[in-house]
Every structure is written in C-alpha cells, then in structure tokens.
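The values are calculated or read from the model by the stated rules, or taken from the named source; none is laboratory data. Worth saying up front: this structure is predicted, and the values here are computed from it rather than measured. Virtual Cβ from ideal backbone geometry, glycine too; neighbours counted across all protein chains shown. Side chains are part of the model used for accessible areas, which takes the heavy atoms of the whole protein and leaves out ligands, DNA and RNA. Shrake-Rupley method; radii C 1.70, N 1.55, O 1.52, S 1.80 Å.
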Amino acid sequence: MPSIFTRILRGEIPCHEVGRSERFLAFLDIHPLREGHTLVIPHVEVDKLFDLDDDLLAGMLPFAKEVAFRIEKVVPCARVGVAVLGLEVPHAHLHLVPMDSERDLEFSRPKLKMGQEELAALAKRIREA
C-alpha cells in the first residue's frame, strides 16, 4: 500500500506545495510545530532516509536549502531547523521548522491549528519568495 506521501505525490491527496523538482516535493505540514513547518520528500518511496541511494540523498539537502531560504523570507525566525524522524510515515522525509529556540523542534509539543485557507496563503507566499 502506498504511503500517504506517495498518495500526495500522485495527486490523490491535496497538499500545500511550496516547492517541487523532478526528484523532490516540499509541502506544508498540516499539523505544524510552527507556522511554515515544511516536509521535504523524494518522489521515490523509500522508508528510511539513509536507505535512499547516495545521489538522491545528496540532492535532497540542496533542494531543502532553497526551500528553507524561502521560508526564512516569509516566516520571522532565527533560522530554519532540520529534523529527521521518519516514524510517523514510512517514506523518507525531512522536517524544516522555523525556529527561535531549541524548544521549537520538540515534536511532543502541541501542534498549531491552522485553517486550509491560512495554509494555502502561506504556501503561496513561500512559493513566491
């Protein structure tokens, strides 16, 4: 059975896209830790990040870097942090989280509640940054 991320890539489930290339997709997390919390995934479904082939793994960080720069232009923050958890969805992915303190990367914290219109507007601002 395809992961939820594969279903997003196929267009079966909508997302708030902030960046796309021929190998990667970046979209807003619908249960964000902070405004601008973004997921970066490869188009290929591989469970663990370090099981990606070396070329794909090496290309993921420059793609994420470009997305992070756009997030920083739109969301006030000290920096964009990166986290790799991968337990919730069996599809390799990076979390890009705007942060002002280490606490902003605590995934056990309550998530923000953002409406679909608010997420769509934010995604548009990040795409256009």
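Whenever a residue of the stretch 61-73 is under 18 Å from E35 (Cβ atoms) and aliphatic (A, V, I, L, M), its partners that are part of a helix (DSSP H, G or I) and modelled with pLDDT of 95 or more, lying with C-beta atoms within less than 8 angstrom and at least six residues away or across chains, give the pairs V67/I126; I71/I126. The requirement of being surrounded by 17 or more Cβ atoms within 10 Å (Cβ to Cβ) and touching a His at 6+ places or on another chain (Cβ under 6 Å) is fulfilled somewhere in the stretch 84-97, by at least one residue. A single member of V80, V46, V75 is among the β-branched types (V, I, T) and under 27 Å from P2 (Cβ atoms), and it is V46.
On the stretch given as the stretch 106-124, residues that are within 22 Å of F63 (Cα to Cα) and surrounded by 16 or more Cβ atoms within 10 Å (Cβ to Cβ) total 3.
In the stretch 35-46, the residues that are in contact (Cβ under 8 Å) with a residue 40 or more places away in the chain form Cβ pairs under 6 Å with partners that are among the β-branched types (V, I, T) and open to solvent by 10 Å² or more (accessible area, probe 1.4 Å), at six or more places apart or across chains, as follows: E45/T6.
When the test is whether a residue is among the basic types (K, R), in contact (Cβ under 8 Å) with a residue 12 or more places away in the chain, open to solvent by less than 50 Å² (accessible area, probe 1.4 Å) and in contact with a strand residue (DSSP E or B) (Cβ under 8 Å, 6 or more places away or on another chain), R23 does not pass it. Taking the criterion of being more than 21 Å from E17 (Cβ to Cβ) and among the small types (G, A, S), the residues of the stretch 87-129 that qualify are S101, S108.
Every listed requirement among (1) at pLDDT below 95; (2) surrounded by 13 or more Cβ atoms within 10 Å (Cβ to Cβ); (3) of a type in the set (A, V, I, L, M, F, W, C) is met by V18 save one, (1).
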